[in-house]
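Structure record follows, encoded as structure tokens.
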Protein chains: 2
Amino acid sequence: MNKIPSISLRGKNVPKSAIRKLIPFAKDAEKRGIKVHKLNIGQPDVETPQEFWDAVKTFKEKVLAYSPSEGRPEFIDAMIKYYAGHNINFKSDEIITIVGGIEGVLLTLFAVANPGDEIITPEPYYSNYVGITAMTDLKFVPITTTAEKGYHLPSAAEIESKITDKTRAILIASPGNPTGCVYTKEEMEMVAGIAIKHGIFVISDEVYREFAYNGEPVTSIMHIKGVEQHAILIDSMSKRYSACGARLGCIISHNKDFIDSVRAYATVRLSAPTLDQIGIAACINTPQSYFDKVKEDYKNRRDIVVDTMNGIKDVICPVPGGAFYAMVKIKGVDTEEFAKWLLTDFSFESETVLVAPGAGFYATPGLGRDEIRIAYIMNTAVMKRSMTVLAKAIEQYRKTH
Amino acid sequence: MNKIPSISLRGKNVPKSAIRKLIPFAKDAEKRGIKVHKLNIGQPDVETPQEFWDAVKTFKEKVLAYSPSEGRPEFIDAMIKYYAGHNINFKSDEIITIVGGIEGVLLTLFAVANPGDEIITPEPYYSNYVGITAMTDLKFVPITTTAEKGYHLPSAAEIESKITDKTRAILIASPGNPTGCVYTKEEMEMVAGIAIKHGIFVISDEVYREFAYNGEPVTSIMHIKGVEQHAILIDSMSKRYSACGARLGCIISHNKDFIDSVRAYATVRLSAPTLDQIGIAACINTPQSYFDKVKEDYKNRRDIVVDTMNGIKDVICPVPGGAFYAMVKIKGVDTEEFAKWLLTDFSFESETVLVAPGAGFYATPGLGRDEIRIAYIMNTAVMKRSMTVLAKAIEQYRKTH
């Protein structure tokens, strides 16, 4: 008898993307001739800087060779220069090149925590963190934040109440996905203080640094004094240069044991993509006008979302200070059902929207059921139209449910 | 008191590359004006096909966007076409694009085995397997093969004696790294038979398929009847197209549960690099003459290594049927010491060689101490010169130790 092997329990339980379940419904809607505005993922329509394309297209090497596991020297040099402009300084052996921010979280968690250890993180959080903590066999401990408080952090005491002898790190993201919340300098200092007091790491996901709309510089964990040996900065080129397909980012830390361990893990997986490192290294010459324009565009898109949503009764959309996501609380609406209904039962002038249901961004059961995440990654005309369609949908859903 | 957090136990123990320890000594030698021939890694000097560069340099999209987690459609179509030419047929939902073969092993092990489970693999093995089994918290169970038998597999009974109720898969590589051994059709059938009998998976790393020098087609696990639901093929573009820096490969399986699980893991890490998928997809048009020339070159390089080494007394170098590595057994020589000595104490006409000590390719303590791995990745002139230098070194080392 041929006994077919079954997959592993963890392989069965790997967290599935809530959004992914909606894709077949979106495809069906499109087959019926409905235009689906996809506001579910963070894939911007912004052009990758010309500097990237020029560097890639004039690359002279004939062999597309492995890069050093820690990164190509020109990429590392470009990073050092870029961060110096943000008042973040480190040596060339304090940075490791990674295959997108998400690999950075993976390698970092391997290096800081053993199976069964705990990682504290504010919820709602970037949903792929869950998959990564599952891969690293860690327990994910949420600190709940709320729309009412703009998703800012609770008190130090509340955060500290989650710390046990298994806690190895606090993982934060500012500007945040999915909330767009930008932590104040005081919040960053509070987190740093907790890490110092309890002898744990702070893992700071800062991939949306360039996208803050309220005029204040974004505080990096690397700006806080005294936390140098606890602080781990994770960054990605995906959003900064609208190069999501480049699969590049970096980990920066002054903690030598940590960086040595990450380097050893990076060596196991050999190398980040070479050609993309060439392209991104050239982006150090992207003029400030590129970022200014991109930021202005996103700010306009954000304002469309916030203004339209907050104009609806019993809908709360805290103004996101950064990134390009907004969480929208639609009181009394089960958003899992609603997101599906948008694709299966609704259209307005043959258009509808694809949004991410909120529950997928929370670990605490029951939370986020009345929230959705909107990625404002389309141009203002599309965003305006999408918000009109969404507003109509909320109105109609509430009448019929 | 500021208690600096310590890294994790697994982060401390992540297997370090034996070769990496030698790099500082190689750099010191170079500073002293010695030419170091680097035969330690599988980075060939072969040019990436022009088709790759043309496709990348004429790519028209303005936004370097995420690819679908399972891969760009043109990449998947190219793979289906390529494998059909090797009598391997599968549907477009039976393949997942990966970030190099090594990510394929990682995601595969997550999908087939739980923490504490066992994976059986012949030793000497590709040393990065160890790091990956450590990441996935698995036990690595070696089956010893020997230079004397050309590193071919032992009997089914010997392999089966390693199987316990924790065994989830047999992981094989043919043509193999570091041995160059190409398993016969009978060996592949034997492994498949064991997998069927015991209801476990066969993970078949076939990244060196194009590099076999004895005229016979390489047998893929996908060629064996009856093992379809057990068979997992892992492949990489790194060697096939001399595009190690592209970080691309694929996992193919007819086992739906397995592929679905791998797809879920791939979704967590979002995407493989986009531009490289464009380039590699175009490589489907690489003319056969490219591969014929590359193969001829490697065969010549191989023959230089084998002929020189086997011409030395008490040195055994089994003729590798494929890949571009040769294991060389230097009787009576501690190769860990020898590899270091080559860089610190030896030179011949101001030249020396960097080789990989054998112990790093074995799990069983004590094995491989008298072996080295040579990667024959340089042109014939360099390989000839390197072998002359290495032969002198063996002679001199034996006289003085």
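The values are calculated or read from the model by the stated rules, or taken from the named source; none is laboratory data. Keep in mind it's a predicted model, so treat the numbers as computed, not measured. Glycine gets a Cβ as well: all are built from the backbone with ideal geometry, and neighbour counts include every protein chain shown.
Structure above, values below:
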item	result
Flag for residue A:128 being within 30 Å of residue B:114 (Cβ to Cβ) and modelled with pLDDT under 95	yes
Within the range B:28-42, considering residues that are buried (at least 19 other Cβ atoms within 10 Å of the Cβ) and at pLDDT below 95, the one farthest from residue B:294 (Cα to Cα)	B:40
Number of the condition not met by residue B:199 [criteria: (1) at positive phi; (2) under 18 Å from the mean Cα position of the chain (by Cα); (3) not basic (Lys, Arg)]	(2)
Only one of B:89, B:114 that is within 28 Å of residue B:145 (Cβ to Cβ) and either free of Cβ contacts under 8 Å to residues at least 12 places away in the same chain or surrounded by fewer than 20 Cβ atoms within 10 Å (Cβ to Cβ) (or both)	B:114
Options A:96, A:132, A:120; residue that is part of a strand (DSSP E or B), within 14 Å of chain B (Cβ to nearest Cβ), in contact (Cβ under 8 Å) with a residue 12 or more places away in the chain and within 24 Å of residue A:270 (Cβ to Cβ)	A:96
Which numbered condition residue B:143 fails, given (1) out of contact with any Asp or Glu (no Cβ under 6 Å at 6 or more places or on another chain); (2) under 30 Å from residue B:281 (Cα atoms)	(2)
Search result, residues across the range B:383-401 that are under 24 Å from residue B:126 (Cβ atoms) and among the aliphatic types (A, V, I, L, M)	B:383, B:387, B:390
Condition met for residue A:180 (within 14 Å of the chain's Cα centre (by Cα) and among the small types (Gly, Ala, Ser))	yes
Pairs with Cβ under 9 Å, 6+ apart, first in the range A:189-218 and in a strand (DSSP E or B), second at pLDDT 95 or above and of a type in the set (Asp, Glu)	A:205/A:235
Helices (runs of 4 or more DSSP H) completely within the range B:1-83 that count 2 or more residues being within 27 Å of residue B:108 (Cα to Cα)	B:9-13
Output for the range A:1-42, where each listed residue is touching a residue at least 60 places away in the same chain (Cβ under 8 Å), facing chain B (nearest Cβ under 9 Å) and out of contact with any strand residue (DSSP E or B) (no Cβ under 8 Å at 6 or more places or on another chain)	A:10, A:14, A:15, A:17
Output for the range A:378-393, where each listed residue is in contact with a helix residue (DSSP H, G or I) (Cβ under 8 Å, 6 or more places away or on another chain) and either of a type in the set (A, V, I, L, M) or crowded, with 18+ Cβ neighbours inside 10 Å (or both)	A:378, A:383, A:387, A:390, A:391, A:393
Leading residue by the ranking (farthest from residue A:379 (Cα to Cα)) among those in the range A:283-316 that are in contact with a Pro (Cβ under 8 Å, 6 or more places away or on another chain) and within 14 Å of chain B (Cβ to nearest Cβ)	A:283
Scope the range B:256-297; condition surrounded by fewer than 21 Cβ atoms within 10 Å (Cβ to Cβ), assigned to a loop (DSSP other than H, G, I, E, B) and within 24 Å of the chain's Cα centre (by Cα); matching residues	B:286
Selection from the range A:332-349 of residues that are outside any strand (DSSP E or B) and under 15 Å from residue A:390 (Cβ atoms)	A:333, A:335, A:338, A:339, A:340, A:341, A:342, A:343, A:345, A:346, A:347, A:349
Residues satisfying the stated conditions in the range B:299-325, i.e. of a type in the set (A, V, I, L, M, F, W, C) and surrounded by fewer than 24 Cβ atoms within 10 Å (Cβ to Cβ)	B:304, B:306, B:309, B:312, B:315, B:316, B:319
Criterion violated by residue A:89 - all others in (1) outside any helix (DSSP H, G or I); (2) more than 9 Å from every other protein chain (Cβ to nearest Cβ); (3) within 22 Å of the chain's Cα centre (by Cα); (4) within 30 Å of residue A:287 (Cα to Cα) satisfied	(3)
Looking only at the range A:228-282, and only at residues there that are within 29 Å of residue A:298 (Cα to Cα) and hydroxyl-bearing (Ser, Thr, Tyr), the one that is nearest to the other protein chains (Cβ to nearest Cβ)	A:242
Leading residue by the ranking (surrounded by the most Cβ atoms within 10 Å (Cβ to Cβ)) among those in the range A:353-376 that are over 17 Å from the mean Cα position of the chain (by Cα) and within 16 Å of residue A:26 (Cα to Cα)	A:353
